[in-house]
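Structure first, commentary second.
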Amino acid sequence: MADDRPDILLILNDDMGYSDLGCYGGEVRTPNLDRLAEGGTRFTAAYSTARCCPSRASLLTGLHPHQAGVGHMIADWGADGYRGDLNDRCVTIAEVLGAAGYATAMSGKWHVTRNMEADGPMESWPCRRGFERSWGTLTGAGNYFAPQYLTEGDVRLDEPGEGFYFTDEISDHAVEFVRSHHRTDPDRPLFLYTAYTAPHWPLHALPEDIARYEGRFADGWDTLREERFDRMIAMGLMDRRWRLSERDPEEPAWIDAHHQPWEQRRMEVYAAQIDRMDQGIGRILDALRQTGRLDNTLVIFLSDNGGCAEVIGDDYSNRRSSTELTRDGRHVVFGNRPELVPGGEGTFQSYGRAWANLSNTPFRLYKRWAHEGGIATPLIAHWPRGLAERGQLVHDAVQLPDIAATCYAAAGASYPTERAGVGVQPLEGHSFLDLMRGGSFDREAVFVEHEGNCAVRRGQWKLVRRWPEPWELYDVEGDRTETDDLVPGNPGTVAELADRWQDWAERCNVLPWEQANPRLREG
Ligand SMILES: [Ca+2]
(Lines give C-alpha, C1' and ligand atoms only; values in the text may rest on other atoms or scores of the structure.)
Protein backbone atom coordinates (compact mmCIF):
# COMPACT_ATOMS: atom_id res chain seq x y z
CA MET A 1 0.00 0.00 0.00
CA ALA A 2 1.29 3.43 -0.89
CA ASP A 3 2.51 5.58 1.94
CA ASP A 4 0.49 8.82 1.91
CA ARG A 5 2.61 10.70 4.39
CA PRO A 6 3.99 13.94 2.92
CA ASP A 7 7.51 14.61 1.80
CA ILE A 8 8.99 17.45 3.83
CA LEU A 9 11.32 20.03 2.26
CA LEU A 10 12.80 22.29 4.93
CA ILE A 11 14.70 25.24 3.44
CA LEU A 12 16.79 27.51 5.64
CA ASN A 13 18.80 30.47 4.46
CA ASP A 14 21.39 32.57 6.17
CA ASP A 15 21.48 36.15 7.49
CA MET A 16 18.59 37.42 5.38
CA GLY A 17 16.50 40.31 6.66
CA TYR A 18 12.80 40.12 7.43
CA SER A 19 11.64 42.01 4.37
CA ASP A 20 14.08 41.20 1.54
CA LEU A 21 11.85 38.68 -0.28
CA GLY A 22 9.33 39.97 -2.78
CA CYS A 23 6.49 38.38 -0.83
CA TYR A 24 7.60 40.22 2.31
CA GLY A 25 7.79 43.61 0.60
CA GLY A 26 11.42 43.59 -0.64
CA GLU A 27 13.03 44.52 -3.94
CA VAL A 28 14.59 41.11 -4.58
CA ARG A 29 13.04 39.08 -7.36
CA THR A 30 11.87 35.84 -5.70
CA PRO A 31 9.11 34.40 -7.91
CA ASN A 32 9.45 30.85 -6.60
CA LEU A 33 9.15 31.78 -2.94
CA ASP A 34 6.39 34.24 -3.85
CA ARG A 35 4.45 31.39 -5.49
CA LEU A 36 4.80 29.28 -2.35
CA ALA A 37 3.44 32.23 -0.37
CA GLU A 38 0.51 32.65 -2.77
CA GLY A 39 -0.35 28.98 -2.51
CA GLY A 40 0.38 28.67 1.19
CA THR A 41 0.86 30.60 4.40
CA ARG A 42 3.15 33.44 5.43
CA PHE A 43 3.84 33.95 9.13
CA THR A 44 4.40 37.54 10.17
CA ALA A 45 5.72 36.85 13.70
CA ALA A 46 8.13 33.93 13.37
CA TYR A 47 11.26 34.05 15.50
CA SER A 48 14.79 32.70 15.26
CA THR A 49 17.41 32.88 17.99
CA ALA A 50 19.56 35.60 16.41
CA ARG A 51 22.52 33.68 14.97
CA CYS A 52 23.57 30.71 12.81
CA CYS A 53 24.63 27.97 15.23
CA PRO A 54 22.01 28.35 17.97
CA SER A 55 19.23 28.81 15.41
CA ARG A 56 20.27 25.66 13.54
CA ALA A 57 20.54 23.62 16.75
CA SER A 58 17.06 24.72 17.76
CA LEU A 59 15.56 24.17 14.31
CA LEU A 60 17.01 20.69 13.96
CA THR A 61 16.07 19.44 17.44
CA GLY A 62 12.82 21.19 18.42
CA LEU A 63 14.56 22.35 21.60
CA HIS A 64 15.98 25.68 22.68
CA PRO A 65 19.62 26.02 21.54
CA HIS A 66 21.22 25.71 24.99
CA GLN A 67 19.28 22.51 25.64
CA ALA A 68 20.83 21.01 22.52
CA GLY A 69 24.34 22.06 23.66
CA VAL A 70 24.75 24.94 21.19
CA GLY A 71 23.84 28.02 23.23
CA HIS A 72 26.51 30.05 21.50
CA MET A 73 28.78 28.99 18.63
CA ILE A 74 30.95 25.93 17.99
CA ALA A 75 33.44 26.26 20.86
CA ASP A 76 33.33 24.15 24.02
CA TRP A 77 32.93 26.56 26.94
CA GLY A 78 32.74 23.82 29.54
CA ALA A 79 29.04 24.09 30.47
CA ASP A 80 26.13 21.92 29.28
CA GLY A 81 24.49 24.72 27.35
CA TYR A 82 27.68 25.74 25.57
CA ARG A 83 29.42 22.64 24.19
CA GLY A 84 29.47 23.66 20.54
CA ASP A 85 28.13 20.25 19.51
CA LEU A 86 24.69 18.67 19.41
CA ASN A 87 24.56 16.66 22.64
CA ASP A 88 23.31 13.12 23.29
CA ARG A 89 20.09 14.27 24.96
CA CYS A 90 18.54 15.72 21.82
CA VAL A 91 17.28 14.17 18.57
CA THR A 92 17.27 15.76 15.13
CA ILE A 93 14.30 15.89 12.77
CA ALA A 94 16.23 13.47 10.56
CA GLU A 95 16.61 10.98 13.41
CA VAL A 96 12.92 11.13 14.34
CA LEU A 97 11.61 10.97 10.77
CA GLY A 98 14.19 8.34 9.82
CA ALA A 99 12.94 6.14 12.68
CA ALA A 100 9.40 6.70 11.37
CA GLY A 101 10.41 5.33 7.95
CA TYR A 102 11.37 8.48 6.06
CA ALA A 103 14.32 8.71 3.72
CA THR A 104 16.51 11.58 4.90
CA ALA A 105 18.93 13.87 3.07
CA MET A 106 20.56 17.22 3.52
CA SER A 107 22.28 19.69 1.24
CA GLY A 108 24.13 22.80 2.41
CA LYS A 109 25.37 24.28 5.66
CA TRP A 110 25.51 22.31 8.92
CA HIS A 111 27.36 24.47 11.51
CA VAL A 112 26.35 22.58 14.66
CA THR A 113 29.59 20.73 15.36
CA ARG A 114 32.93 21.85 16.75
CA ASN A 115 34.67 18.86 15.11
CA MET A 116 35.21 19.42 11.42
CA GLU A 117 38.48 17.60 10.75
CA ALA A 118 38.42 14.32 8.83
CA ASP A 119 40.45 12.49 11.49
CA GLY A 120 38.42 13.81 14.46
CA PRO A 121 35.15 12.78 16.10
CA MET A 122 32.15 12.72 13.77
CA GLU A 123 29.36 12.17 16.33
CA SER A 124 27.59 15.36 15.43
CA TRP A 125 28.10 15.32 11.66
CA PRO A 126 24.93 15.12 9.55
CA CYS A 127 25.49 11.44 8.70
CA ARG A 128 25.70 10.56 12.43
CA ARG A 129 22.68 12.69 13.30
CA GLY A 130 20.11 10.95 11.14
CA PHE A 131 20.85 11.96 7.55
CA GLU A 132 21.27 8.98 5.22
CA ARG A 133 22.75 11.25 2.59
CA SER A 134 24.42 14.62 3.00
CA TRP A 135 26.49 17.05 0.97
CA GLY A 136 27.67 20.50 2.01
CA THR A 137 29.85 22.37 4.43
CA LEU A 138 30.32 21.64 8.12
CA THR A 139 31.24 25.22 8.89
CA GLY A 140 29.50 28.62 8.74
CA ALA A 141 30.40 31.29 6.25
CA GLY A 142 33.00 31.29 3.51
CA ASN A 143 33.99 31.82 -0.07
CA TYR A 144 31.10 30.92 -2.42
CA PHE A 145 33.53 29.88 -5.15
CA ALA A 146 35.69 27.66 -2.92
CA PRO A 147 33.99 26.87 0.42
CA GLN A 148 35.91 25.18 3.21
CA TYR A 149 35.04 21.93 4.99
CA LEU A 150 33.05 20.48 2.09
CA THR A 151 31.84 17.04 3.10
CA GLU A 152 29.79 14.25 1.58
CA GLY A 153 28.51 11.81 4.20
CA ASP A 154 31.56 10.82 6.26
CA VAL A 155 34.05 11.98 3.63
CA ARG A 156 35.78 15.35 3.45
CA LEU A 157 35.95 16.58 -0.16
CA ASP A 158 38.77 18.32 -2.03
CA GLU A 159 38.64 22.02 -2.90
CA PRO A 160 36.24 22.57 -5.82
CA GLY A 161 37.44 23.59 -9.26
CA GLU A 162 36.35 26.00 -12.00
CA GLY A 163 32.68 26.76 -12.41
CA PHE A 164 31.73 26.07 -8.82
CA TYR A 165 29.21 28.40 -7.17
CA PHE A 166 28.01 27.22 -3.78
CA THR A 167 24.37 28.29 -4.01
CA ASP A 168 23.93 26.39 -7.29
CA GLU A 169 25.69 23.33 -5.92
CA ILE A 170 23.41 23.26 -2.86
CA SER A 171 20.39 23.46 -5.18
CA ASP A 172 21.76 20.83 -7.57
CA HIS A 173 22.45 18.35 -4.79
CA ALA A 174 18.96 18.88 -3.39
CA VAL A 175 17.50 18.26 -6.88
CA GLU A 176 19.58 15.11 -7.20
CA PHE A 177 18.41 13.87 -3.79
CA VAL A 178 14.78 14.27 -4.92
CA ARG A 179 15.33 12.57 -8.29
CA SER A 180 17.43 9.66 -7.04
CA HIS A 181 15.04 9.06 -4.17
CA HIS A 182 12.12 8.96 -6.58
CA ARG A 183 14.00 6.56 -8.86
CA THR A 184 14.96 4.09 -6.14
CA ASP A 185 12.33 4.35 -3.42
CA PRO A 186 9.35 6.34 -4.74
CA ASP A 187 6.77 5.12 -2.21
CA ARG A 188 8.79 6.11 0.82
CA PRO A 189 8.37 9.70 2.06
CA LEU A 190 11.41 11.98 1.94
CA PHE A 191 12.72 14.54 4.43
CA LEU A 192 15.09 16.94 2.67
CA TYR A 193 16.86 19.70 4.58
CA THR A 194 18.31 22.36 2.27
CA ALA A 195 20.40 24.95 4.09
CA TYR A 196 21.72 27.77 1.90
CA THR A 197 24.59 30.04 2.97
CA ALA A 198 23.12 32.87 0.86
CA PRO A 199 23.04 35.78 1.47
CA HIS A 200 25.56 35.59 4.34
CA TRP A 201 28.76 37.54 3.57
CA PRO A 202 31.05 37.55 1.63
CA LEU A 203 29.41 39.44 -1.25
CA HIS A 204 29.95 36.77 -3.89
CA ALA A 205 27.47 36.50 -6.75
CA LEU A 206 27.30 35.76 -10.46
CA PRO A 207 27.54 38.64 -12.97
CA GLU A 208 24.22 37.88 -14.70
CA ASP A 209 22.36 38.04 -11.38
CA ILE A 210 24.12 41.22 -10.22
CA ALA A 211 23.28 42.87 -13.56
CA ARG A 212 19.59 42.39 -12.88
CA TYR A 213 19.82 44.81 -9.93
CA GLU A 214 21.90 47.53 -11.54
CA GLY A 215 20.45 50.83 -10.35
CA ARG A 216 17.66 49.19 -8.34
CA PHE A 217 18.97 50.67 -5.07
CA ALA A 218 19.91 54.09 -6.45
CA ASP A 219 17.24 55.82 -4.37
CA GLY A 220 19.16 54.82 -1.24
CA TRP A 221 18.27 53.24 2.07
CA ASP A 222 16.01 56.01 3.39
CA THR A 223 13.57 56.05 0.48
CA LEU A 224 13.72 52.28 0.05
CA ARG A 225 12.90 51.68 3.73
CA GLU A 226 9.81 53.86 3.39
CA GLU A 227 8.76 52.13 0.17
CA ARG A 228 9.17 48.70 1.74
CA PHE A 229 7.16 49.66 4.77
CA ASP A 230 4.33 50.98 2.58
CA ARG A 231 4.29 47.74 0.58
CA MET A 232 4.28 45.68 3.79
CA ILE A 233 1.26 47.58 5.06
CA ALA A 234 -0.50 47.13 1.71
CA MET A 235 0.25 43.40 1.82
CA GLY A 236 -1.20 43.08 5.33
CA LEU A 237 2.14 42.08 6.86
CA MET A 238 2.31 45.22 8.98
CA ASP A 239 -0.32 47.10 10.96
CA ARG A 240 -1.01 50.68 9.90
CA ARG A 241 -0.66 51.81 13.51
CA TRP A 242 2.99 50.77 13.64
CA ARG A 243 5.72 53.29 12.89
CA LEU A 244 8.75 52.70 10.74
CA SER A 245 11.73 52.68 13.11
CA GLU A 246 14.21 55.52 12.69
CA ARG A 247 17.23 54.95 10.47
CA ASP A 248 20.09 53.45 12.49
CA PRO A 249 21.57 56.46 14.31
CA GLU A 250 25.10 55.29 13.49
CA GLU A 251 24.45 55.53 9.76
CA PRO A 252 24.22 58.65 7.57
CA ALA A 253 21.24 59.77 5.57
CA TRP A 254 21.54 58.47 2.03
CA ILE A 255 22.06 61.97 0.66
CA ASP A 256 25.12 62.28 2.91
CA ALA A 257 26.51 58.82 2.14
CA HIS A 258 30.00 58.62 0.65
CA HIS A 259 30.87 56.25 -2.21
CA GLN A 260 27.30 55.88 -3.42
CA PRO A 261 28.13 53.77 -6.51
CA TRP A 262 30.04 51.32 -4.29
CA GLU A 263 27.22 51.33 -1.73
CA GLN A 264 24.71 50.50 -4.46
CA ARG A 265 26.93 47.73 -5.76
CA ARG A 266 27.08 46.10 -2.30
CA MET A 267 23.30 45.88 -2.12
CA GLU A 268 23.08 44.74 -5.76
CA VAL A 269 25.37 41.80 -5.00
CA TYR A 270 23.46 40.94 -1.82
CA ALA A 271 20.18 40.96 -3.78
CA ALA A 272 21.77 38.78 -6.47
CA GLN A 273 22.74 36.20 -3.84
CA ILE A 274 19.09 35.86 -2.77
CA ASP A 275 17.89 35.87 -6.38
CA ARG A 276 20.18 32.92 -7.22
CA MET A 277 18.89 31.01 -4.21
CA ASP A 278 15.31 31.54 -5.36
CA GLN A 279 16.22 30.22 -8.83
CA GLY A 280 17.62 27.10 -7.17
CA ILE A 281 14.53 26.66 -5.02
CA GLY A 282 12.58 26.78 -8.29
CA ARG A 283 14.62 23.84 -9.59
CA ILE A 284 14.01 21.81 -6.43
CA LEU A 285 10.28 22.50 -6.68
CA ASP A 286 10.37 21.51 -10.37
CA ALA A 287 11.96 18.19 -9.43
CA LEU A 288 9.19 17.57 -6.91
CA ARG A 289 6.54 18.61 -9.44
CA GLN A 290 7.97 16.48 -12.26
CA THR A 291 8.08 13.42 -10.02
CA GLY A 292 4.48 14.03 -8.97
CA ARG A 293 5.44 14.66 -5.37
CA LEU A 294 4.94 18.41 -4.90
CA ASP A 295 1.22 18.26 -4.17
CA ASN A 296 1.93 16.17 -1.08
CA THR A 297 5.08 17.95 0.06
CA LEU A 298 5.18 20.21 3.08
CA VAL A 299 7.63 22.97 2.13
CA ILE A 300 8.84 25.24 4.93
CA PHE A 301 11.14 28.20 4.23
CA LEU A 302 12.79 30.52 6.76
CA SER A 303 15.97 32.46 7.60
CA ASP A 304 18.22 31.64 10.57
CA ASN A 305 18.51 35.24 11.80
CA GLY A 306 17.98 38.84 10.73
CA GLY A 307 20.08 40.94 8.38
CA CYS A 308 23.70 41.25 9.50
CA ALA A 309 25.52 44.50 10.34
CA GLU A 310 28.97 42.94 10.67
CA VAL A 311 31.83 44.78 9.01
CA ILE A 312 34.60 42.93 7.21
CA GLY A 313 37.86 44.70 8.04
CA ASP A 314 41.15 44.60 6.13
CA ASP A 315 42.57 42.36 8.85
CA TYR A 316 39.73 39.91 8.63
CA SER A 317 41.98 37.43 6.88
CA ASN A 318 44.12 37.19 10.03
CA ARG A 319 41.24 35.55 11.82
CA ARG A 320 40.94 32.76 9.28
CA SER A 321 43.55 32.27 6.63
CA SER A 322 45.90 35.05 5.59
CA THR A 323 46.71 33.09 2.47
CA GLU A 324 43.28 32.58 0.97
CA LEU A 325 43.65 32.44 -2.81
CA THR A 326 41.32 32.59 -5.75
CA ARG A 327 41.23 29.50 -7.94
CA ASP A 328 43.66 31.14 -10.37
CA GLY A 329 46.13 31.89 -7.57
CA ARG A 330 45.47 35.56 -6.69
CA HIS A 331 45.20 36.65 -3.07
CA VAL A 332 41.65 37.35 -1.94
CA VAL A 333 41.49 40.98 -0.74
CA PHE A 334 39.58 41.27 2.53
CA GLY A 335 37.82 44.40 3.73
CA ASN A 336 34.93 46.75 2.95
CA ARG A 337 37.08 49.03 0.80
CA PRO A 338 35.22 51.37 -1.54
CA GLU A 339 37.97 51.08 -4.15
CA LEU A 340 37.18 47.39 -4.60
CA VAL A 341 34.13 46.22 -6.56
CA PRO A 342 32.41 43.41 -4.66
CA GLY A 343 30.86 40.37 -6.32
CA GLY A 344 33.76 38.27 -7.59
CA GLU A 345 35.98 35.81 -5.78
CA GLY A 346 38.91 38.24 -5.50
CA THR A 347 37.17 40.33 -2.82
CA PHE A 348 35.67 39.54 0.58
CA GLN A 349 33.19 42.17 1.79
CA SER A 350 29.85 42.58 3.58
CA TYR A 351 26.94 44.88 2.74
CA GLY A 352 27.18 46.84 5.99
CA ARG A 353 24.93 48.27 8.62
CA ALA A 354 22.87 50.72 6.58
CA TRP A 355 21.78 48.10 4.05
CA ALA A 356 21.12 45.61 6.85
CA ASN A 357 18.88 48.30 8.28
CA LEU A 358 16.96 48.23 4.96
CA SER A 359 16.89 44.41 5.01
CA ASN A 360 15.23 44.42 8.42
CA THR A 361 12.64 47.08 7.57
CA PRO A 362 10.69 48.20 9.56
CA PHE A 363 12.53 46.84 12.57
CA ARG A 364 15.50 47.91 14.71
CA LEU A 365 18.84 46.20 15.13
CA TYR A 366 20.33 43.11 13.49
CA LYS A 367 21.55 39.54 13.70
CA ARG A 368 22.89 38.99 17.25
CA TRP A 369 20.27 41.08 19.08
CA ALA A 370 16.90 39.94 20.40
CA HIS A 371 15.07 43.00 19.10
CA GLU A 372 12.84 42.36 16.10
CA GLY A 373 15.59 43.09 13.57
CA GLY A 374 17.66 40.23 14.98
CA ILE A 375 15.05 37.53 15.45
CA ALA A 376 12.04 38.18 13.21
CA THR A 377 12.24 35.93 10.15
CA PRO A 378 10.05 35.35 7.14
CA LEU A 379 8.41 31.92 7.39
CA ILE A 380 6.50 30.36 4.49
CA ALA A 381 4.67 27.03 4.64
CA HIS A 382 3.12 25.32 1.61
CA TRP A 383 1.38 21.94 1.40
CA PRO A 384 -1.36 21.74 -1.24
CA ARG A 385 -2.79 18.38 -0.14
CA GLY A 386 -2.58 19.04 3.60
CA LEU A 387 -3.54 22.69 3.90
CA ALA A 388 -6.55 24.13 2.12
CA GLU A 389 -5.76 27.79 2.84
CA ARG A 390 -4.13 29.82 0.07
CA GLY A 391 -2.24 33.05 0.45
CA GLN A 392 -3.11 33.52 4.09
CA LEU A 393 -1.18 35.41 6.74
CA VAL A 394 -0.79 34.08 10.29
CA HIS A 395 0.07 36.72 12.89
CA ASP A 396 0.50 34.45 15.93
CA ALA A 397 4.04 34.25 17.31
CA VAL A 398 5.90 31.01 16.50
CA GLN A 399 9.54 30.10 17.02
CA LEU A 400 12.16 27.67 15.81
CA PRO A 401 11.32 24.62 17.97
CA ASP A 402 7.84 24.68 16.42
CA ILE A 403 9.26 23.64 13.05
CA ALA A 404 10.33 20.18 14.27
CA ALA A 405 7.01 19.74 16.06
CA THR A 406 5.16 20.67 12.86
CA CYS A 407 7.20 18.18 10.83
CA TYR A 408 6.38 15.41 13.34
CA ALA A 409 2.67 16.26 13.28
CA ALA A 410 2.58 16.29 9.46
CA ALA A 411 4.43 12.96 9.29
CA GLY A 412 2.51 11.35 12.16
CA ALA A 413 5.88 10.59 13.75
CA SER A 414 6.21 10.16 17.48
CA TYR A 415 8.89 11.95 19.45
CA PRO A 416 11.13 9.48 21.33
CA THR A 417 11.90 9.33 25.06
CA GLU A 418 15.42 8.07 24.49
CA ARG A 419 18.22 7.95 21.92
CA ALA A 420 20.84 5.18 22.02
CA GLY A 421 19.88 4.41 25.62
CA VAL A 422 20.09 8.01 26.84
CA GLY A 423 16.98 9.95 27.89
CA VAL A 424 15.94 12.70 25.46
CA GLN A 425 14.64 16.08 26.65
CA PRO A 426 10.94 16.70 25.97
CA LEU A 427 10.10 18.50 22.73
CA GLU A 428 9.75 22.26 23.31
CA GLY A 429 7.95 23.12 20.07
CA HIS A 430 4.27 23.06 19.20
CA SER A 431 2.96 22.05 15.79
CA PHE A 432 1.51 25.01 13.91
CA LEU A 433 -0.56 22.89 11.50
CA ASP A 434 -3.78 23.66 13.41
CA LEU A 435 -2.87 27.33 13.46
CA MET A 436 -2.66 27.25 9.67
CA ARG A 437 -6.06 25.59 9.57
CA GLY A 438 -7.66 28.41 11.52
CA GLY A 439 -7.22 26.89 14.98
CA SER A 440 -5.51 28.29 18.03
CA PHE A 441 -2.06 27.84 19.41
CA ASP A 442 -1.15 26.87 22.94
CA ARG A 443 2.10 28.59 23.80
CA GLU A 444 3.20 30.24 27.02
CA ALA A 445 5.64 32.65 25.40
CA VAL A 446 8.53 33.03 22.96
CA PHE A 447 11.90 33.05 24.73
CA VAL A 448 15.32 34.06 23.35
CA GLU A 449 18.86 34.41 24.67
CA HIS A 450 21.99 35.08 22.64
CA GLU A 451 25.17 36.68 24.02
CA GLY A 452 23.24 38.12 26.92
CA ASN A 453 20.69 39.68 24.59
CA CYS A 454 17.34 38.40 25.83
CA ALA A 455 13.66 38.53 24.96
CA VAL A 456 10.36 37.14 26.08
CA ARG A 457 7.23 37.78 24.02
CA ARG A 458 3.91 36.92 25.66
CA GLY A 459 0.50 38.14 24.54
CA GLN A 460 0.72 41.83 23.72
CA TRP A 461 4.06 42.31 25.52
CA LYS A 462 7.68 41.89 24.61
CA LEU A 463 10.39 42.37 27.22
CA VAL A 464 13.81 42.68 25.59
CA ARG A 465 17.32 43.73 26.55
CA ARG A 466 20.61 44.48 24.87
CA TRP A 467 23.42 43.15 27.02
CA PRO A 468 24.53 44.73 29.36
CA GLU A 469 21.73 47.31 29.30
CA PRO A 470 18.46 47.03 31.28
CA TRP A 471 15.15 45.60 30.08
CA GLU A 472 12.93 47.45 27.62
CA LEU A 473 9.19 46.77 27.33
CA TYR A 474 7.10 47.06 24.19
CA ASP A 475 3.44 46.56 23.36
CA VAL A 476 3.96 44.49 20.22
CA GLU A 477 0.29 44.69 19.29
CA GLY A 478 0.40 48.48 19.16
CA ASP A 479 4.12 48.94 18.47
CA ARG A 480 5.76 45.92 16.81
CA THR A 481 8.69 48.07 15.70
CA GLU A 482 9.82 48.69 19.30
CA THR A 483 9.84 52.47 19.17
CA ASP A 484 8.14 53.32 22.51
CA ASP A 485 9.68 51.80 25.66
CA LEU A 486 6.92 51.29 28.26
CA VAL A 487 9.08 50.20 31.20
CA PRO A 488 8.40 53.35 33.30
CA GLY A 489 4.63 52.86 33.55
CA ASN A 490 4.54 49.07 33.88
CA PRO A 491 6.74 47.81 36.73
CA GLY A 492 4.46 44.81 37.44
CA THR A 493 4.54 43.56 33.84
CA VAL A 494 8.30 44.00 33.67
CA ALA A 495 8.84 42.05 36.90
CA GLU A 496 6.49 39.26 35.88
CA LEU A 497 8.00 38.79 32.42
CA ALA A 498 11.55 39.03 33.78
CA ASP A 499 10.68 36.26 36.26
CA ARG A 500 9.29 34.08 33.48
CA TRP A 501 12.39 34.67 31.38
CA GLN A 502 14.57 33.72 34.38
CA ASP A 503 12.59 30.51 34.98
CA TRP A 504 12.97 29.60 31.32
CA ALA A 505 16.70 30.35 31.35
CA GLU A 506 17.32 28.18 34.39
CA ARG A 507 15.25 25.33 32.97
CA CYS A 508 17.00 25.47 29.57
CA ASN A 509 20.72 25.65 30.53
CA VAL A 510 21.07 29.38 29.82
CA LEU A 511 23.81 30.99 31.93
CA PRO A 512 24.30 34.71 32.60
CA TRP A 513 26.49 35.93 29.73
CA GLU A 514 29.26 37.08 32.08
CA GLN A 515 29.42 33.53 33.40
CA ALA A 516 28.98 31.66 30.08
CA ASN A 517 31.58 33.55 28.05
CA PRO A 518 35.10 32.47 29.06
CA ARG A 519 36.62 35.82 28.10
CA LEU A 520 34.30 37.71 30.45
CA ARG A 521 34.50 35.01 33.12
CA GLU A 522 38.29 35.03 33.25
CA GLY A 523 38.80 38.70 32.44
CA1 LIG B 1 23.07 33.17 10.04
Practice problem: Give me a count of the residues in the stretch 42-83 that are away from the ligand (no atom under 16 Å from the Cβ) and either open to solvent by less than 10 Å² (accessible area, probe 1.4 Å) or of a type outside the set (F, W, Y) (or both). | Solution: 20
Quiz item: Does F191 satisfy being away from the ligand (no atom under 16 Å from the Cβ), in contact (Cβ under 8 Å) with a residue 60 or more places away in the chain, part of a loop (DSSP other than H, G, I, E, B) and open to solvent by less than 10 Å² (accessible area, probe 1.4 Å)?
Solution: no
Quiz item: Cβ-Cβ below 9 Å, separation at least six or inter-chain, first residue in the stretch 28-44 and basic (K, R), second at pLDDT 95 or above and assigned to a loop (DSSP other than H, G, I, E, B): which pairs?
Solution: R29/R212; R29/Y213; R42/L237; R42/G391
Self-check item: the stretch 353-396 - residue that is more than 16 Å from the ligand (Cβ to nearest atom), of a type in the set (G, A, S) and within 21 Å of I274 (Cβ to Cβ) and, of those, surrounded by the most Cβ atoms within 10 Å (Cβ to Cβ)
Solution: A381
Practice problem: Return a yes/no flag: does the stretch 482-498 have any residue that is among the aliphatic types (A, V, I, L, M) and either within 24 Å of the chain's Cα centre (by Cα) or in a loop (DSSP other than H, G, I, E, B) (or both). | Solution: yes
Exercise. Starting from the stretch 350-379, take each residue that is charged (D, E, K, R) and list its partners that are part of a helix (DSSP H, G or I), counting only C-beta distances under 7 angstrom and pairs at least six apart or across chains.
Key: R364/E372; R364/G373; K367/G374; R368/G374
Quiz item: So which residues in the stretch 134-182 are under 25 Å from the mean Cα position of the chain (by Cα), under 27 Å from G292 (Cα atoms) and not acidic (D, E), if there are any at all?
Solution: S134, W135, G136, T167, I170, S171, H173, A174, V175, F177, V178
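Here is a yes/no grid of residues against (1) in contact with a Leu (Cβ under 7 Å, 6 or more places away or on another chain); (2) closer than 30 Å to A211 by Cα:
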position: G306; (1), (2): no, yes
position: A309; (1), (2): no, yes
position: G313; (1), (2): no, yes
position: G346; (1), (2): no, yes
position: Y351; (1), (2): yes, yes
position: S359; (1), (2): no, yes
position: G391; (1), (2): no, no
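Could you list, in sequence order, the residues of the stretch 135-148 that are of a type outside the set (S, T, N, Q), away from the ligand (no atom under 16 Å from the Cβ) and either over 20 Å from A272 (Cα atoms) or touching a Ser or Thr at 6+ places or on another chain (Cβ under 7 Å) (or both)? Working first, answer last.
Filtering the stretch 135-148 for residues of a type outside the set (S, T, N, Q) gives 135-136, 138, 140-142, 144-147.
Filter again for away from the ligand (no atom under 16 Å from the Cβ), leaving 135, 145-146.
Hit for the stretch 135-148 is W135, nothing else.
The values are calculated or read from the model by the stated rules, or taken from the named source; none is laboratory data. What you are looking at is a predicted structure, and each value in this text was computed from that prediction instead of being measured. Quick reminder, even Gly has a Cβ in these numbers, built from the backbone with ideal geometry, and neighbours come from all protein chains shown. Areas reflect the complete protein model, heavy atoms only, side chains present, ligands, DNA and RNA absent. Shrake-Rupley method; radii C 1.70, N 1.55, O 1.52, S 1.80 Å.
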